[in-house]
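Here's the structure, in structure tokens; my notes come after.
No value in this document is a laboratory result; all are computed from the given coordinates. These numbers were taken from a predicted model, which means no experiment stands behind them. Reconstructed Cβ throughout: ideal geometry from the backbone, glycine too, with neighbour counts over all protein chains shown.
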Amino acid sequence: MEPLRSTDPARIAGYRILGRLGAGGMGVVLLGRSAGGALVAIKLIRAEYADDAGFRTRFRREVAIARQVRNRWAVPVVDADTEAAAPWLATEFVPGPPLSEAVGGGAPLPERSVRALGAMLAEALEAVHGAGLVHRDVKPGNVLLGLDGPRLIDFGIARALDDTVLTATDAIVGSPGFLSPEQAQGRRIGPPSDIFSLGCVLVYAATGGRPFGSGPVEAMLFRTVHDAADLGALPPGLRPVVEACLSKGPEGRPTAGEIRRAFAEDAAGGSWLPGPVTHLIAERSARMLALPDIEATSLDAGSAGETGATPAIGAGSRDTTTVPRSPRRRRFLAYVTGGAVLAAAGGTTAWLAGLKDGKDPGGRGEEDGRAPTARPELRIGLQADLSGPSAAVGRGQERAALLAVEEHNARADAPFTLRLVTADDGGDAARAQAAVRRFAEDPLLVAAIGATGADAAREALVAYDEVALPLLSVVDGDTRNLNRIFLCARPRNDMQMLPVAQFLGAREISTVALVDDGTEYGHQTTRFLSTGLRGNGRTVLAETVREGAGDLDAEAERIVARKPGAVVYGGGWRDAGRFARALAGAGFRGPRIGTQAVHDPRFLAEAGEDAAGWLVVSTAADPVSVPSVRAFAAAYRGRFDSAPPLLAAEAYDAVGLIAACAEGTGRKTVTRQDMLPVLRSTRYKGVSKSYAFEPANGMYAGDGVFVYRVERGRFRYAGMDGRTV
């Protein structure tokens, strides 16, 4: 990392800039840290390119698409501002060295490491191509090495930059020596171009040299188009796949999926890198963790954040906001206090107790929650799965949201009437996008809550962004879903693991088996915990048991044989149930811990008596056992003659939060444009938890991780945020 220059900003939106990571013709890459301590790599585009209206349009679209690239080996986009004077894009920071540095010193990787590298990079390219992108610049400098695997970077803006400034005559998009023949000739390219580049990268990793030599650019381009690759130093075991990748014709190259399958067995289990590279990664990681804390400062869009500092880039026009220093920096969470709208659900219990027969205490209850008054009407959208695989949760959210609407409309002092507009997406991506279009066409609809299913939420997010409609989710904690309109109203997937770290530390458990299921969710929940445990001197046994794997008994026996003091499982409820039975069969009796995906009644049914004793961390307040939700649960049962499912209380809170924010604008006529800045600067006490957000990116900034222990076939509330009861 290089020191900042006088022309570099001290801040970009909510990120303190710590140093330079690199620079190029389009802009500069900076190291930033959020108020909660998360490190990010920020690509800041030069203003002269941003002045091109066509560039800005394409950049906006490409950022939206890049958010949909979901793979553990592709560095995720965590934040962006496509509308700033100098647009920027923030990705997760990876402290490991690039492949070019690890190999460039004359130390090629062993064959097994290259095969593992090929499998994981191919998996990343599958996700990139599946999102409709072509990377265009797969090269050693864009592959960062981590202890658990590589990370492919720079796929977020490749197409936007190409379409804008790299189409001049004789311009070459990509890096000579690692680009495809069609790139070298300036022809139209597709996913096979990335496959050719991947083949070049694998040759470099295995031999330290480029398959088409070095020297003048023109010579390298000519050899790429016309000459055979030099594979003389390539290990014979790699040759068949690499030769296929380097086929001159795109139609002769394998797909990313075929490469992944060819190398799959080398990507699972054990250390994938030789010792010297592992030590280099550990050294880099330790150096980043040793960076000094950020002192509490005042963020002001109209002036410099500090005396003599460069003004913040990307900040809005809101009042000065103080961000207090987090006492636990690596929690990545910080409460936002200044300029907040303070709201509470103080009258909820008394009012809910009076609900009966579908009528509110004022006699105004109707099927859609409307009250026949002359007050102006505001509408809240609810996009939910009411007929698909998550229908039980979706219906519960719809009913809970209706309770909140009825409560608001019963207030004599309410400045407006609420109406709930529900769209059933059935868990389907196309129906989710149709729901967004319906919401966008309603001028009275100021915000939306959604969605129940992860796939529907993913696809709809881009559509919400395009129509600038605020979206609040109490379900989705994916770390890659943040954008200009999204509010993550629950701790993120990685942050839910903080109580687990505290539990293991309090019991001085030194060796932990950390099991992920190979999915993006499994990666997000285990990676943060792995870093924290290693940083505290514990031994982490990193294991991958693929989702749907057949012989879990053998996997459990292998893990138990390594003698862990505790086992943490970062996958879904179905495999967790099977894994619980397998662990019991292997004789493991130590702490067994699951994540929110395990907080599901179906886990209890699948695991049977072997679920007993499991600890489960979750961001959902269980209506059956969490004390603060009992009044709500009783009212729900009285109203609908059934118990509320998980996440119903959170949907109730989401309506209350939106209503409080609408009132907090102080406007008689509220629009969706008014809502987003107020939503992001609000603290709201709901029945399930207290809600707060980071104004810069909508990230959840409150506590709210519940701990449950499985006893007698049910989840018993055991505490919150690491505080046990």
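Placing pseudo-labels 7 Å out from each Cα toward the beta carbon at residue 536 and residue 214 gives an inter-label distance of 4.6 nm. Please report the spacing between the Cα centers of region 95-147 and region 188-218 in Å, no decimals. Between the Cα centre of region 95-147 and that of region 188-218, the gap is 12 Å. The residues packed around residue 213, meaning those with a beta-carbon under 13 Å from its beta-carbon, carry a net charge of -1 if Lys and Arg are +1 and Asp and Glu are -1. Over region 495-618, the ratio between the Cα radius of gyration and 2.2 N^0.38 Å evaluates to 0.94.
Rounded to the nearest 0.05, what FRET efficiency is calculated for residue 602 and residue 551 with R0 set to 30 Å and r the Cβ-Cβ distance?
Values: r = 22 Å, r/R0 = 0.73.
The computed FRET efficiency comes out at 0.85.
Pairwise Cα distances in region 401-532 exceed 23 Å in 48 percent of cases. Extension gain, residue 673-residue 511: 0.36 nm per intervening residue step, less the Cα-Cα distance, totals 53.3 nm.
Comparing Cα centroids, region 632-670 and region 29-83 end up 34 angstrom apart. Working ranking of peptides 45-56, 671-682 by packing, defined as the average number of other Cβ atoms within 10 Å per residue, highest first, is 671-682, 45-56. Computed from the C-beta positions of residue 20 and residue 412 and an R0 of 60 Å, the FRET efficiency is 0.55 to the nearest 0.05. The residue 46 and residue 665 beta-carbon pair, evaluated with R₀ = 22 Å, returns a calculated FRET efficiency of approximately 0.05.
With the simple spin-label model, which puts each label point 7 Å out from Cα in the Cβ direction, the residue 282 to residue 563 separation comes to 2.0 nm. Spin-label model, residue 227/residue 442: points 7 Å from Cα along the beta carbon direction are separated by 6.5 nm.
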